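The values are calculated or read from the model by the stated rules, or taken from the named source; none is laboratory data. Keep in mind the model is a prediction, meaning the values are calculated, not measured. No Cβ is skipped: glycine too gets one built from the backbone with ideal geometry, and neighbour counts run over all protein chains shown. Note: areas computed on protein heavy atoms with side chains; ligands, DNA, RNA excluded. Shrake-Rupley method; radii C 1.70, N 1.55, O 1.52, S 1.80 Å.
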Amino acid sequence: MVNLEEQIKLIVELQGLDTHIFRLEDELESIPEKLNLMEEEFKEKNSNFKKLEDGIKMLQVKRKEKEMDLEAREGTIKKYQTQLYQIKTNKEYSALQEEIARVKADNSLIEEEIIKILDEVDNENRKIAKEKEFLKQEEFMLNEKKKKLNEDADRIKGELESLKTQRLELTGKIESSVLAKYDRIIKNKDGLAVVPVAGESCQGCFRILPPQVINEIKMKNDLVFCENCARILYIED
Ligand SMILES: [Zn+2]
């Protein structure tokens, strides 16, 4: 003869264990996802840094172009200055001098532009230095978080192992017909097979239970199921 009161106590305990196991399994499953997300976020921050570096490279190219332009123009001025000695008429002489003055004026504009670019490079370099420091801290924090999550994963695996050992011991004490019903319900009902009655309602689906159902539970002659959600009902002591 099966002691049903005892069996109900055992499956209530089993439900507690299983709920704990499911929660830990969910937590364990979420860890790789969290790690991935953190890596992705860090990669994105790193790509911002690459953009800053590319920006500087472009500025340096621009500067180089301006410098070469300037150099070519200095050469032109020199060439004109030599030509000045070979000129025969005053008109030609002053025309060439005007031309030299024009190129020189352009050159000072280019020089100003180069100075502006150099200022920009300085600014960008400061930004890069800050960003580098920021990334260093981010990487440190990322590694700390990764370490913590991996430790969590190890801890959870250990807990799960001991919970599963406890589960095995517990299920050994449960009647196979009772256990079969429990297993079937827990699979179909989101991991919740045994629920208490609180007030007059099932704590699985929160429907009010008819008085005769509550009486049946109190009699403890047989397992009583919720008519609505089909879970096993019990009344807490
Ligand atoms: Zn129910």
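Exceeding 32 Å between C-alpha atoms, which entries from my cross-link table qualify? They are K43/K164; K173/K218; K145/K189. Too far apart for the 32 Å limit: K43/K164; K145/K189.
Which residue fluctuates the most in the chain, going by a Gaussian network model with Cα springs under 10 Å, if the choices are T82, T171, T19? Sorting by GNM fluctuation, first place goes to T82. Starting from the Cα of K220, draw a straight line to each of the aspartates and glutamates and keep only those under 18 Å, dropping any in the same chain fewer than 8 residues away. Candidates past the 8-residue exclusion: E5, E6, E13, E175, E200, E236, D237.
In the structure shown, do any of K51/K148; K34/K157; K34/K127 have a Cα-Cα gap over 25 Å, and if so which? From K51/K148; K34/K157; K34/K127, over 25 Å: K51/K148; K34/K127.
When only Cα pairs below 8 angstrom with a gap of at least 6 residues are kept, the chain shows a relative contact order of 29 percent. For chymotrypsin sites (Phe, Trp or Tyr not before Pro), the sites in region 173-228 that DSSP calls loop and that have at most 16 other Cβ atoms within 10 Å are F206. Accessible surface of region 28-174, 1.4 Å probe: 53 percent of it comes from carbon and sulfur atoms. Gain on full extension, evaluated as 0.36 nm per residue between E151 and K9 minus their Cα-Cα distance, stands at 47.7 nm. Using a Gaussian network model of the chain in which every pair of alpha carbons under 10 angstrom is joined by a spring, one finds that among N36, N221, N143 the greatest mean-square fluctuation is at N221.
Extension gain, E111-L37: 0.36 nm per intervening residue step, less the Cα-Cα distance, totals 21.8 nm.
With an a/c value of 1.5 or above and a/b not larger than b/c for the gyration tensor axes a ≥ b ≥ c computed over the alpha-carbon atoms, region 175-237 is described as oblate.
Evaluated with a Cβ-only charge set (Lys, Arg +1; Asp, Glu -1), the chain carries a dipole of roughly 780 debye about its Cα centre, given to the nearest 20. Among A95, A198, A180, the residue with the largest mean-square fluctuation in a Gaussian network model of the chain, with springs joining Cα atoms closer than 10 Å, is A95.
Name the lysines eligible as straight-distance cross-link partners of K78: C-alpha to C-alpha under 18 Å, and not fewer than 8 places from it in the same chain. Excluding near neighbours in sequence, the set is K104. Accessible surface for the chain, divided over its residues, is 69 Å² per residue with a 1.4 Å probe. With a cut-off of 9 Å between beta carbons, the residues surrounding L59 carry a summed charge of +1, where Lys and Arg count +1 and Asp and Glu -1.
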